[in-house]
Amino acid sequence: MRDINVAIIGGGFMAKAHSLAYASMPMFFWPAPARPIRRTLVDVTEELAADGAARSGSRSTRVTGAR
């Protein structure tokens, strides 16, 4: 099975929902076409990005600076 890198934009409620969905994908799609790797979480400040990444299991963060 190949890995596919996933970026999550925004670290709030929907980031949590999508992170859980990516983690459980192999239970619903068998055999799974790919293994989603939660690679990056993007948010408007470094603090929000770091907090969201810690909660969602993302490996790195990026900051957009946009509001």
field: Hits in the stretch 39-62 (condition: open to solvent by 70 Å² or more (accessible area, probe 1.4 Å) and assigned to a strand (DSSP E or B))
entry: Arg39, Arg62
- request: Might you check whether a residue that is touching a residue at least 12 places away in the same chain (Cβ under 8 Å), in contact with a helix residue (DSSP H, G or I) (Cβ under 9 Å, 6 or more places away or on another chain), open to solvent by less than 60 Å² (accessible area, probe 1.4 Å) and assigned to a helix (DSSP H, G or I) occurs anywhere in the stretch 19-35?
  value: yes
- request: Return yes when Gly10 is touching a helix residue (DSSP H, G or I) at 6+ places or on another chain (Cβ under 9 Å), of a type outside the set (A, V, I, L, M) and surrounded by fewer than 17 Cβ atoms within 10 Å (Cβ to Cβ) and no when it is not.
  value: yes
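The values are calculated or read from the model by the stated rules, or taken from the named source; none is laboratory data. Note that the structure is a prediction, hence the values are computed from the model and not measured. Ideal geometry is used to build each Cβ from the backbone, glycine not excepted, and the neighbour counts take in all protein chains shown. For accessibility, only protein heavy atoms count, side chains too; no ligands or nucleic acids. Shrake-Rupley method; radii C 1.70, N 1.55, O 1.52, S 1.80 Å.
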